[in-house]
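Any read-out appearing in this document is the output of simple, stated calculations on the displayed coordinates, not a laboratory observation. What you are looking at is a predicted structure, and each value in this text was computed from that prediction instead of being measured. All Cβ positions, even for glycine, are placed from backbone atoms using ideal geometry, and neighbour counts span all protein chains on display.
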Amino acid sequence: MAYVDGFVLAVPEDRLADYRRMARKAGKVWREHGALSYNECVADDVPMGKHTSFPQAVKLKPGEVVVFSWIVYRNRRDRDRINKLVMKDSRLECMMDPKSLPFDGKRMFWGGFKRIIAL
């Protein structure tokens with residue numbers, strides 16, 4: 001069964017084009033190294049919750065949008081192998097410096113997930 005890495009972060013609206021360029025480049029690298037798919041979505045309907053929500057999770061500030069992303073792999077072993085290759089890929093060196101990112105990496109969260117249903 002496939003394995004999925006998921007990411008949620010806040011991106012300033014005025015940096016969304018920069019983020020899109022960075023994500024497009026990253027997606028190409030992930031796919032070249034074997035990821036099955038690479039997806040980036042910007043929030044369109046994510047209301048503030050009473051107890052928890054996407055905006056609360058990333059401590060959304062005025063002028064920012066929530067981005068939800070996921071990468072699909074054949075399995076966990078492939079994910080671990082591919083991520084090692086991606087982290088060593090020189091095309092993504094500029095993304096390794098938190099100061100060069102078009103978002104606050106401290107408010108990003110992510111994790112790996114075993115897919116249990118695929119329809």
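Which whole-number percent gives the relative contact order of the range 3-114, counting Cα pairs below 8 Å spaced six or more residues apart?
The normalised contact order for the range 3-114 reaches 49 percent.
Step through the table entries Lys28/Lys84; Lys59/Lys84; Lys28/Lys88; Lys61/Lys106; Lys28/Lys61; Lys25/Lys99, compare each Cα-Cα distance with 20 Å, and write down the pairs that go over it.
Checking Cα-Cα distances, Lys59/Lys84; Lys28/Lys61 exceed 20 Å.
Just grab the label-to-label distance for Ser37 and Arg21, each label 7 Å out from Cα along the Cβ direction, in nm (one decimal).
With each label placed 7 Å out from Cα toward Cβ, I get 2.8 nm.
Could you sort 9-21, 34-46 so that the peptide with the highest average Cβ count within 10 Å comes first and the rest follow in order?
The packing order, highest mean first, is 9-21, 34-46.
With viscosity set to 0.890 mPa s and temperature to 25 °C, compute the Stokes-Einstein D of the range 3-114, Rh being the Kirkwood radius across alpha carbon pairs; µm²/s, no decimals.
The Stokes-Einstein estimate is 167 µm²/s.
Given Phe103, Ala57, Val72, which one lies farthest toward the positive end of the charge dipole of the chain, if we put +1 on the Cβ of every Lys and Arg and -1 on the Cβ of every Asp and Glu?
Value computed over the given set: Val72.
So if the hydrodynamic radius of the range 57-119 is defined as the Kirkwood radius over C-alpha pairs, what does Stokes-Einstein give as its diffusion coefficient at 25 °C and 0.890 mPa s, in µm² per second?
Once the numbers are plugged in, D ends up at 170 µm²/s.
Tilt of helix 76-88 relative to the longest C-alpha principal axis of the chain, in degrees (0 to 90, nearest 10)?
For 76-88 against the chain, the angle is about 80 degrees.
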